[in-house]
Amino acid sequence: GSQVLIWGGFGGNHFRSGGRYDPAANLWTPIPVSGAPTGRIYQTAVWTGSEMIVFGGMSSVGTPYDDGSRYDPATDTWQLLPALGSPGARQSHVAVWTGTQMVVWGGRADASGGRYDPATDSWSPTSTSNAPQPRANASVVWTGTQMFVWGGEGNTGLLNSGGRYDPAS
């Protein structure tokens, strides 16, 4: 609502750091690292209205991560996401916030995903029925009822295709 939250990235190393920027005050404040995810790139982050949820990404040695954390700026604290039911290790995937859940999908060589519900602190799988082919670095939008995934990079190059996912059905 009033600040920009930044976590991770690459600068010769994978950063395990972040910051909160307040544009009204033109002020940066560091985000604590206690409980935070390890340094990573190619992760996703969504804003829930009260928390930033970070998931997946890649380590400095090229290993994809299957974990994440939630950051609450009101308490300035992190909480690890549960490992049980996680959609698995992935990088260059997409994620959206539905209003109640984070939906994670795709990534390098992966046409699956998962839904994380912060109210129950639990994961459930997404359907793979009619899912588009695996892709990395796709574009994603949330329409209010469906997640649309388009483009990206497949095993044979750039893709001119996509799909849509309805978490209600």
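Farthest toward the dipole's positive end in the chain, which of A95, A136, A74, given Cβ charges of +1 (Lys, Arg) and -1 (Asp, Glu) about the Cα centre?
A136
Just the number please: accessible area per residue for the range 35-169, 1.4 Å probe, all protein chains included, in Å².
On the way: 6380 Å² over 135 residues.
Computed with neighbouring chains in place, this is 47 Å² per residue.
Output the peptides 154-163, 60-69 sorted from most to least packed, where packing is the average of other Cβ atoms within 10 Å over each peptide's residues. Don't skip to the answer; put the middle values down first.
Working: 154-163: 12.7, 60-69: 15.6.
Answer by packing, highest mean first, reads 60-69, 154-163.
Tell me, what % of the accessible area of the chain is carbon and sulfur with a 1.4 angstrom probe?
Values: 4580 of 8630 Å².
That share works out to 53 percent.
What net charge do the residues around G8 carry, taking every other residue with its C-beta under 10 Å from that of G8, with Lys and Arg at +1 and Asp and Glu at -1? Walk me through the numbers before you get to the answer.
Numbers: positive: R16, R40; negative: none.
Every neighbour counted, the sum reads +2.
Using a Förster distance of 30 angstrom, determine the FRET efficiency expected from the C-beta separation of A25 and T48, and round it to 0.05.
Working: r = 23 Å, r/R0 = 0.78.
Computed FRET efficiency for A25 and T48: 0.80.
Run the quick spin-label model on F15 and E153: label points 7 Å from Cα toward the beta carbon, then report their separation in nm to one decimal.
Here the answer is 2.2 nm between the modelled labels.
For a label point 7 Å from the Cα of L84 along Cα→C-beta, name the residues of the range 112-129 whose backbone N is under 12 Å from it.
Backbone N within reach: 121-123.
What does the charge add up to near G154, with Lys and Arg as +1, Asp and Glu as -1, over the other residues with Cβ less than 14 Å from its Cβ? The partial results should precede the final answer.
Numbers: positive: R108, R135; negative: D110, E153.
Residues close to G154 contribute a combined charge of 0.
Net charge around P125, counting only other residues with Cβ within less than 15 Å of its Cβ (Lys, Arg = +1; Asp, Glu = -1)? Present the calculation step by step, with values, prior to reporting the outcome.
Details: positive: R90, R115; negative: D66, D110, D117, D166.
For residues surrounding P125, the net value is -2.
Quick one: Karplus J couplings for the range 147-162, per residue in order, coefficients 6.51, -1.76, 1.60, θ = phi - 60°, nearest Hz, x for Gly and Pro?
My calculation for the range 147-162 gives 9, 9, 10, 9, x, x, 10, x, 5, 10, x, 5, 10, 10, 7, x Hz in order.
What full-extension length gain, to one decimal in nm, is calculated for D166 and S34 as 0.36 nm per residue of separation minus the Cα-Cα distance? Walk me through the intermediate numbers first.
Values: separation 132, 0.36 × 132 = 47.52 nm, distance 3.54 nm.
Extra length available between D166 and S34 comes to 44.0 nm.
Rank G56, G114, G151 by mean-square fluctuation in a GNM of the chain with C-alpha springs under 10 angstrom and give only the top-ranked residue.
Maximum fluctuation in the GNM of the chain, among the listed residues, is at G151.
For Cα pairs less than 8 Å apart in space and 6+ apart in sequence, what is the mean separation divided by the residue count of the chain, i.e. the relative contact order in percent? Please list the in-between numbers first.
Details: 418 pairs, mean separation 21.4, N = 169.
Once normalised by length, the contact order is 13 percent.
Using 7 Å Cα-to-Cβ label points, what is the Q133/T63 separation (nm, one decimal)?
The answer from the label model is 3.1 nm.
The values are calculated or read from the model by the stated rules, or taken from the named source; none is laboratory data. Every value quoted in this text rests on a predicted model; they were computed, and no experiment measured them. Here the Cβ is made from the backbone with ideal geometry for all residues, glycine too, and neighbour counts use every protein chain on show. Surface areas here come from the heavy atoms of the whole protein model, side chains and all, with no ligands, DNA or RNA. Shrake-Rupley method; radii C 1.70, N 1.55, O 1.52, S 1.80 Å.
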